[in-house]
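The structure appears below as structure tokens.
Any read-out appearing in this document is the output of simple, stated calculations on the displayed coordinates, not a laboratory observation. Predicted model only: the values in this text are computed from it and were never measured. Every residue, glycine as well, gets a Cβ built from its backbone with ideal geometry; the counts of neighbours run over all protein chains shown.
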Amino acid sequence: LGRPLAKWPQDVLSDKQAQEAWRQFRCDNITRLVREVHDEVRRVAPKCMISAAVFNNYPACRDSVGQDWKLWIEKGYLDFVCPMNYTASDAQFAALVKNQLDLVQGRIPCYPGIGLLEGLGPVGAVRQIQITRQCRTGGFVLWSVYPQYMDIYPHLGKGILAR
């Protein structure tokens, strides 16, 4: 932050200038790590694709968790990005995807994450897959921690993902 603080974290929470310095410090450190991973992967496995599962709400996630993923894309550190758009709301999902595609500006592929959540389920997942197709994302990522949704995968291959 450039100066000592008497009380951590209270001093950062009460001082806007210190707050912004802390946020920038955190972003810079995370971006440095992403850059170092990129450089090392390119050195040892140049054909390896580098991606990141990122928080969906850029630029707010820059402040909340230190992910400046738009900068990572601009700097060329990622080959594709997978925003974690885990919501049961199709309208919110579509709005997130459109915003993310605007941020990416076609520089790299953007594969939105669809979370198989309690409120979404298999039918909702199919609707959100259709949204990714309407938005021409070129793909998507499915994610779930719920074992009851594991049986969706074979059905997707027979239905919406069938060739």
Points 7 angstrom from Cα along the Cβ direction at Ala88 and Lys7: gap in nanometres? 4.2
Hey, can you rank 2-9, 105-112 by average C-beta count inside 10 Å, highest first? 105-112, 2-9
Show which lysines lie in cross-link reach of Lys75 when reach means a straight Cα distance below 22 angstrom and same-chain residues fewer than eight apart are skipped. Lys47, Lys98
Less than 11 Å Cβ to Cβ from Cys48, Lys/Arg counted +1 and Asp/Glu -1: what total charge do the surrounding residues give? +1
Treating the angle as unsigned and between 0 and 90°, give the value, to the nearest 10°, between the Cα long axis of helix 121-134 and the longest Cα principal axis of the chain. 80
How large is log10 of I(q)/I(0) for the chain at q = 0.09, 0.11 Å⁻¹ when the intensity is taken from the Debye formula with one equal scatterer per alpha-carbon? -0.39, -0.56
Spherically averaged projected area in nm², based on the convex hull that wraps the Cα atoms of the stretch 77-163: 5.8
Sum of -39500 (n - 2.57) over DSSP H runs of 4+, divided by residues of the chain (222 nm, nearest 500): -15500 deg cm²/dmol
Part-to-part distance (alpha-carbon centres) for the stretch 78-97 and the stretch 146-163, which is given in Å: 19
Could you grab the relative contact order for the chain? Cα pairs under 8 Å, six or more apart, rounded to a whole percent. 16
